[in-house]
Amino acid sequence: MSALSSASSHPSPPSPSSPDPRTALAPVSVPLPRLHRPLVWFAASMGVLALVSAVGIAVDDRMLVGVPIWTKPFKFSVSFVAYSLSLAWMLSLLPRGRRAGWWAGTVVTAASALEMVLITLQVIRGTQSHFNQATPFDAAVFQTMGGTVVALWLGALVIAVLLLRARILDRAMAWAVRLSSSSPWRARPSAS
């Protein structure tokens, strides 16, 4: 047997200066924050709706106010994915007021989900969702959507107050969270 084949069948132990190959790629144990589950589930459902809406944009040739009819649910669902995941993460930073934060996050989730159900319903019906007073049903849908916006805004306001009062370790992150959470009205897409 040659020295070459003998060397390849028995690997040599690693030298002290090289890392152990068994632990070189071992996962680092970093604790994950406990995210607000309703917001995370809502974000996942909005991801699915974004995909459905993208398909709708591609295959449904109906137009509403000059754009493909599935554009609005697509824009809102993508926006809600980012908003709800950001809010879920910010809620995980609360050292105190977790119960109030959980309930406020749940209110935001419920209001946002109802808003998206109504927007999608109106798309399926082939009519405008916002500023639509054409029939009593359309007016009721639009009025309900106005209520969901108020509930969403009030829930976000409670979370903003909790975050403004929270002691977050890193000052730069604390100010970034406080400034972004104190303006929840900028996180929502426009009605167009």
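Report note on the peptides 63-74, 129-140: ranked by the mean count of other C-beta atoms within 10 Å, highest first, their order is 63-74, 129-140. The coefficient of translational diffusion for the range 109-177, derived via Stokes-Einstein from the alpha carbon Kirkwood radius under 37 °C and 0.692 mPa s, stands at 234 µm²/s. The residues neighbouring Leu162, those whose beta-carbon lies less than 10 Å from its own, together hold a net charge of +3 under the Lys/Arg +1, Asp/Glu -1 convention. Take 114-126, 50-62 and order them by the average number of nearby Cβ atoms within 10 Å per residue, most first; the result is 114-126, 50-62. As a proxy for reagent exposure, Val161, Val108 were ordered by neighbouring Cβ count within 10 angstrom, fewest first; the result is Val161, Val108.
FYI, it's all coordinate maths here, none of it is from the lab. All values reported here derive from a predicted model rather than from experimental measurement. Heads up, the Cβs are rebuilt from the backbone with ideal geometry, glycines too, and the neighbour counts pull from every protein chain shown.
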